Amino acid sequence: MTAFNSRNIGTLQWINLWVNTHLHVNYYLNCIYLVILRSTIQLKADSIQFVILRYAHKTGPEQDVCDD
């Protein structure tokens, strides 16, 4: 009976270690994913801002000025 109990405790400890390891790995993977996602969103925002500024420069007020 003692061997059976110690085997169960060993199995529970192994399961606990496995779950904790996966939780930590998932946590760090999520952190990495969020950093990559944030960088991607920032790059897209920068490119959209660049396009808007380029368009605003092309259609600026200098084209509305009448030539005398």
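The values are calculated or read from the model by the stated rules, or taken from the named source; none is laboratory data. The structure displayed is predicted, hence computed values, not measured ones. Cβ placement follows ideal geometry from the backbone for every residue including glycine, while neighbour counts extend to all protein chains displayed.
Before moving on, here are some points about what is shown:
- Considering Ile9, Ile15, the condition of being at pLDDT below 85, part of a helix (DSSP H, G or I), more than 28 Å from the chain's Cα centre (by Cα) and among the β-branched types (Val, Ile, Thr) is satisfied by Ile9 alone.
- Residue check, Leu53 modelled with pLDDT of 90 or more, surrounded by 10 or more Cβ atoms within 10 Å (Cβ to Cβ) and not aromatic (Phe, Trp, Tyr): no
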